[in-house]
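In what follows, a structure is listed as structure tokens, so that the remarks can point back to it.
The values are calculated or read from the model by the stated rules, or taken from the named source; none is laboratory data. Only a predicted model underlies this, so the values are computations on that prediction, with no experimental measurement involved. No Cβ is skipped: glycine too gets one built from the backbone with ideal geometry, and neighbour counts run over all protein chains shown. Areas reflect the complete protein model, heavy atoms only, side chains present, ligands, DNA and RNA absent. Shrake-Rupley method; radii C 1.70, N 1.55, O 1.52, S 1.80 Å.
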Amino acid sequence: YYPLQSDQRATGFLLPQYGASTLRGQSLSNAFFWAMGRSQDVTVFHDWFTRTGQGIGAEYRFIAAPGSEGDLKLYRFNQRAAEFILENGEVNTLDAEQSFELAGDTSYLLPYGLKARAHLDYFSKLTTQQLYEGNVLDASRRNRTLAGSLAGSWGSYSLNATFQRNEAFDNATTSVAYGSTPRVSATVAPRQIFGMPIYAGASSEFSRLL
């Protein structure tokens, strides 16, 4: 609603967006913003395309404490079968299918000196990503990533565990995956041995590479 509050955040419906294209037909996008408090909010959105179906999703943002903050977006699209004409006059078809997209970055401080991080940039269908994304950067993206880590440090001891899976597409059906699923490393910082001018440390690592 208008006017907004002094902190520029107010619960209410956002301005709808209208569009039209040869493939999707006419489109209407609506969103509702819920200011849950000073430190968290949720946006729920819905897209409707007259020719190809509809999608629904939500985005959650929070700041729990210094070092504990993040955002997470989940979107699901239900595509129905449709036909459209290419520039050369040929008729092409879209199959009925469902797809989803995950995106977000989160970091959180845990007990016992641990810190967790997560990075999501994942879509289940490349063609859906290219056909329906509203900005050029996301529509032209051919990479998807799932990553997370857990790290801690206790004096001279440290532990780091990560999971990262990157995938790069050559076309709609062929891709190359790389990363570490998982990688775990532990380190003991060098320390003096028995008062002598000798220092020793240790490190170990286990990794499963894609």
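Some notes on this structure:
- In the stretch 60-105, the GluC sites (Glu not before Pro) that fall in loop regions by DSSP, at most 10 other Cβ within 10 Å: E87, E90
- GluC sites (Glu not before Pro) lying in DSSP loop within the stretch 131-210, provided at most 15 other Cβ fall within 10 Å: E133
- Calculated FRET efficiency for the pair R76/A35, C-beta based, R₀ 22 Å, to 0.05: 0.35
- Rounded to the nearest whole angstrom, the semi-axes of the ellipsoid equivalent to the stretch 16-63, taken from the Cα gyration tensor as √(5λ), stand at 29, 9, 7, largest first.
- By the compact-protein rule of thumb, 2.2 N^0.38 Å, the alpha-carbon radius of gyration of the stretch 154-210 corresponds to a ratio of 1.82.
- One entry in (1) 55; (2) 46; (3) 36 is percent of Cα pairs over 26 Å apart calculated from the shown coordinates; its label is (1).
- 14 Å cut-off, amide nitrogen to a point 7 angstrom out along L137 Cα→Cβ, residues in the stretch 176-201: none
- Within the accessible area of the stretch 76-209 (1.4 Å probe), percent carbon and sulfur: 57 percent
- Sparse-neighbour loop sites [chymotrypsin sites (Phe, Trp or Tyr not before Pro); the stretch 100-198; at most 13 other C-beta within 10 Å; DSSP]: Y112, F194
- Mean accessible surface per residue for the stretch 75-190, computed with a 1.4 Å probe while every protein chain stays in place, in Å²: 60 Å²
- Two-site FRET efficiency, T145 against V44, from Cβ-Cβ distance with R₀ of 25 Å, rounded to 0.05: 0.50
- Cα gyration tensor shape for the stretch 75-114, rounded if a/c is under 1.5, else prolate or oblate: prolate
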